[in-house]
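Trainee: I have a structure I would like to understand better, so I am pasting it below and will then ask my questions one at a time.
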Amino acid sequence: MPGFSAFRVREFPVTLAAALLSAVLALSGGCARHMPAIGVTPLKAANPADLQKYLLSHTPEVAQFRLRGPFTVTEQTDLEIPLLSGQTVMADLFLCDKAGKAPLVIVLHGNDNSKEDHAFQAMHVASWGMHGLALQLPNQGPWVANGRILAGLVKSLQRAPQFAGGRIDTSRIILVGHSFGATAVSAALGENAPALGGILLDPAGIGRELPALLKRIHAPVMVIGADEDIWPTRNRSYFFRFIPGNVGEVSIRDAVHEDAQYPTERTLRAFEERPMASEEAQISFVAALTASAFSLAATGSIDYAGTSFDDGVKKGVFFNARRKQ
């Protein structure tokens, strides 16, 4: 598979295909997608602002974000978003029903994948009071060029206050990328895309220009990785090493590269009958992603997210947590 340097096979007890077939969530926008059968948080809030106040006044804990948030979500699929360059990009939009102007979390797929593989993640962050956008770009790169398109999208959204009914807080846009999509996010941040920061899901990168690209990033970045003892990802170490500062990293025990998404049935057909990916690890990824997105949206930093991993590190769910100021 592209993006990997080596791997060791390990068996997992959860069969992802069975979990997907048994869990269907009908979103309020009228579309049905296969989603994991997770519960809903017991937290109650009238709106995202009240939820933010509550969360910031209590000890950060990533485990709470494993559950779906307290807000319902409306989905709009296959939107064509015009860019200032004259191009258009395709995306699925997930709007938090209780939010007025709210941060936007843009999630980009990796090589040979699609926006559908990140619909669950975009929906999940929206249930926690942020709007989500699962973006479709050329899924075989070139990834630095995709990063320029991504930067153009952020700039275009800032010039289009009417997008999504004016409900996007364009001063609080967060970029998320999986695998080579993380290279695109890094390129966008290196091109000074007006985003709060980035979240890199088991990032992969190639090319001699990658270290120089990463050195240009000055926004806060959180790297959430799989377990490299199982399946190392190509040049993942570069992202923490070369981003000059304000970068954190954590790994998820027993997670593989594909766990950084929630595969669709189309993707599942490309897997073996018993895939290495596990729903448990995928929920850990989405919890870490949501904690990191909330941290950036609410505080402009990754401090809240970093603290939220402490208990999970003690319990062995996360490991190799580190931070570079």
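Just so it is clear, none of the values below were taken in a lab; they were calculated from the coordinates. All of these numbers come straight from a predicted model, not from anything done at the bench. Counting neighbours? That spans all protein chains shown, and the Cβs are built from the backbone with ideal geometry, glycine included.
Trainee: Give me D for region 42-108 in µm² s⁻¹, whole number, from Stokes-Einstein with Rh from the Kirkwood sum over alpha-carbon pairs, 25 °C and 0.890 mPa s.
Mentor: Estimated via Stokes-Einstein, D reaches 171 µm²/s.
Trainee: In addition: Given just the C-alpha atoms of region 168-250, how large is their convex hull per residue in cubic angstrom?
Mentor: So the per-residue hull volume is 82 Å³.
Trainee: What order do you get for 208, 159, 172 when you list them from fewest to most C-beta neighbours inside 10 Å? Mind showing how you got there, number by number?
Mentor: Working: 208 6, 159 10, 172 20.
If I rank by nearby Cβ atoms, fewest first, I get 208, 159, 172.
Trainee: Between residue 148 and residue 216, what length in nm is gained on full extension when 0.36 nm per residue of separation is reduced by their alpha carbon distance?
Mentor: Answer, rounded to one decimal: 23.1 nm.
Trainee: Only helices at least 20 Å long along their own axis, judged from Cα atoms, and with Kyte-Doolittle mean hydropathy of 0.5 or greater: name those in the chain from DSSP H.
Mentor: Within the chain the helices that satisfy the rule are 143-158, 279-299.
Trainee: As a test of understanding, state the convex hull volume per residue of the chain from its alpha carbons, in Å³.
Mentor: For the chain, the hull spanned by Cα atoms encloses 118 Å³ per residue.
Trainee: Here's something else I'd like to know. Highest mean first, what order results for 43-51, 98-106 on Cβ atoms within 10 Å?
Mentor: 98-106, 43-51
Trainee: Which pairs break 20 Å Cα to Cα here: 215/314; 115/215; 44/314; 53/98; 98/155? Can you show the working numbers first?
Mentor: Numbers: 215/314 32 Å; 115/215 28 Å; 44/314 28 Å; 53/98 15 Å; 98/155 26 Å.
Beyond 20 Å: 215/314; 115/215; 44/314; 98/155.
Trainee: Something else about it: Below 13 Å, Cα to Cα, which aspartates and glutamates can residue 324 reach? Residues fewer than 8 away in the same chain don't count.
Mentor: Counting by Cα, and skipping residues close in sequence, residue 324 has these aspartates and glutamates nearby: 249, 303.
Trainee: Considering only DSSP beta bridges where both residues belong to region 179-325, give the percentage that are antiparallel (nearest 5). Walk me through the numbers on the way to the answer.
Mentor: Values: 5 of 14 bridges.
Of those bridges, close to 35 percent are antiparallel.
Trainee: Also: Would you work out the relative contact order for the chain, in percent, from Cα pairs under 8 angstrom that are 6 or more residues apart?
Mentor: This gives 19 percent for the chain.
Trainee: How many percent of DSSP beta bridges within region 83-228 run antiparallel, rounded to 5? Each step should come with its number before you reach the end.
Mentor: Numbers: 5 of 25 bridges.
Taking every DSSP beta bridge within region 83-228, about 20 percent pair in antiparallel fashion.
Trainee: If you don't mind, another one. Which percentage, to the nearest 5, of the DSSP beta bridges contained in the chain is antiparallel?
Mentor: DSSP beta bridges in the chain are roughly 45 percent antiparallel.
Trainee: R0 = 22 Å: FRET efficiency of residue 56 with residue 323, Cβ-based, nearest 0.05?
Mentor: Plugging the Cβ-Cβ distance into 1/(1 + (r/R0)^6) gives 0.70.
Trainee: Here is a further query. Between the alpha-carbon centers of region 149-166 and region 112-141, tell me the distance in whole angstrom.
Mentor: After rounding, the separation between the Cα centres reads 16 Å.
Trainee: Please give the contour-minus-distance gain from residue 79 to residue 162: 0.36 nm per residue of separation, less the Cα-Cα distance, rounded to one decimal in nm. Please report the intermediate quantities before stating the final value.
Mentor: Working: separation 83, 0.36 × 83 = 29.88 nm, distance 1.42 nm.
Length gained between residue 79 and residue 162: 28.5 nm.
Trainee: Right, something else. Would you give the gap between the C-alpha center of region 60-85 and the C-alpha center of region 180-216, rounded to a whole Å?
Mentor: 22
Trainee: Also: What does the helix-only formula give at 222 nm for the chain: each DSSP H stretch with n ≥ 4 adding -39500 (n - 2.57), the total divided by the residues, and the result rounded to the nearest 500 deg cm²/dmol? Intermediate values should be presented prior to the final figure.
Mentor: Numbers: 11 runs with 102 residues, N = 325.
Value at 222 nm, helices only: -9000 deg cm²/dmol.
Trainee: Now for a different question. Placing +1 on the Cβ of each Lys and Arg and -1 on the Cβ of each Asp and Glu in the chain, which of 113, 86, 226 has its Cα farthest towards the positive end of the resulting dipole?
Mentor: The residue sitting farthest along the positive end of the dipole is 86.
Trainee: Something else about it: Put +1 on the Cβ of every Lys and Arg and -1 on every Asp and Glu Cβ in the chain; which of 207, 126, 136 then has its Cα farthest towards the positive end of the dipole?
Mentor: 207
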